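Student: The structure is given below, and queries will be raised subsequently.
The values are calculated or read from the model by the stated rules, or taken from the named source; none is laboratory data. All figures in this text were calculated on a predicted structure; none of them were measured in a lab. Note that each Cβ is placed from the backbone with ideal geometry, even for glycine, and that neighbours are counted across all protein chains shown. With ligands, DNA and RNA removed, areas are computed over all heavy atoms of the protein, side chains included. Shrake-Rupley method; radii C 1.70, N 1.55, O 1.52, S 1.80 Å.
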Amino acid sequence: MSDYRALKLLEAFAECTRHSRRMLGAYKKVSLIFPLDVNKYRILTDDEIEHIDQMVYRFSKLQDSIGERLFKSVLMFLEEDIKNKPFLDVLNRLEQLAILPSKDEWLRLRKLRNELSHEYSNEDEENAAVLNMLFDEIKTINGLFLGVRNYFDLHISKKIDDKLILQFDL
């Protein structure tokens, strides 16, 4: 198997692992203040806002990294022909291989990620609602990532040199 493909796959896993760990760290730090209502939202402390911002940022980065790098790296490692294929075809193939449990779930997470990129500074109720949706989906996106990781552990890792895997903090 190509060392280049293995390297790209391991780099994608390392990037996603980094985002996941930091997202979960922020999630843990704000878990006691959720769910948010308008009143709670308006009196968030600077530290709470900082942790929520970190959670939003890492969720978005994890979602991007999984979609743009990890999914494609897994399929390329498996020698699937994904060149010039629409992303929906990539998701369908991942679903067929049981790497992704549901493309619809992924698309829902993508929609949330896009909503998070539009902060409405004077719409506290909307902001609180979107943050509550994010908080509820942290475990979902992390579960999807862990599912891909489990597929890797069961079906792919034995095809990659252990020395190469040890170079990454997975």
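Student: Just to be sure before I move on: is Ile33 β-branched (Val, Ile, Thr), closer than 30 Å to Ala129 by Cβ and either within 14 Å of the chain's Cα centre (by Cα) or exposed (fewer than 15 other Cβ atoms within 10 Å of the Cβ) (or both) in the structure I sent?
Tutor: Considered against the rule, which asks whether it is β-branched (Val, Ile, Thr), closer than 30 Å to Ala129 by Cβ and either within 14 Å of the chain's Cα centre (by Cα) or exposed (fewer than 15 other Cβ atoms within 10 Å of the Cβ) (or both), Ile33 comes out as no.
Student: Another question, then. With (1) surrounded by fewer than 16 Cβ atoms within 10 Å (Cβ to Cβ); (2) of a type in the set (Lys, Arg); (3) modelled with pLDDT under 95 as the list, and Arg21 as the residue in question, which single condition is left unmet?
Tutor: Answer for Arg21: the failing condition is (3).
Student: Only one of these conditions is not met by Leu88: (1) open to solvent by 10 Å² or more (accessible area, probe 1.4 Å); (2) touching a residue at least 60 places away in the same chain (Cβ under 8 Å); (3) not β-branched (Val, Ile, Thr). Which number is it?
Tutor: Only one criterion is unmet by Leu88, namely (2).
Student: Can you spot a residue in region 52-68 that is surrounded by fewer than 20 Cβ atoms within 10 Å (Cβ to Cβ) and either part of a loop (DSSP other than H, G, I, E, B) or more than 14 Å from the chain's Cα centre (by Cα) (or both)?
Tutor: Looking through region 52-68, at least one residue is surrounded by fewer than 20 Cβ atoms within 10 Å (Cβ to Cβ) and either part of a loop (DSSP other than H, G, I, E, B) or more than 14 Å from the chain's Cα centre (by Cα) (or both).
Student: Say we look at region 127-167 and pick out the residues that are more than 23 Å from the chain's Cα centre (by Cα) and assigned to a helix (DSSP H, G or I); which of these is surrounded by the most Cβ atoms within 10 Å (Cβ to Cβ)?
Tutor: Leu164
Student: Looking only at region 8-51, count every residue that is hydrophobic (A, V, I, L, M, F, W, C), assigned to a helix (DSSP H, G or I) and in contact (Cβ under 8 Å) with a residue 60 or more places away in the chain and tell me the total.
Tutor: 10
Student: What residue, of Glu115, Glu95, Glu123, is among the acidic types (Asp, Glu), surrounded by 11 or more Cβ atoms within 10 Å (Cβ to Cβ), over 30 Å from Tyr41 (Cα atoms) and out of contact with any Phe, Trp or Tyr (no Cβ under 8 Å at 6 or more places or on another chain)?
Tutor: Glu95
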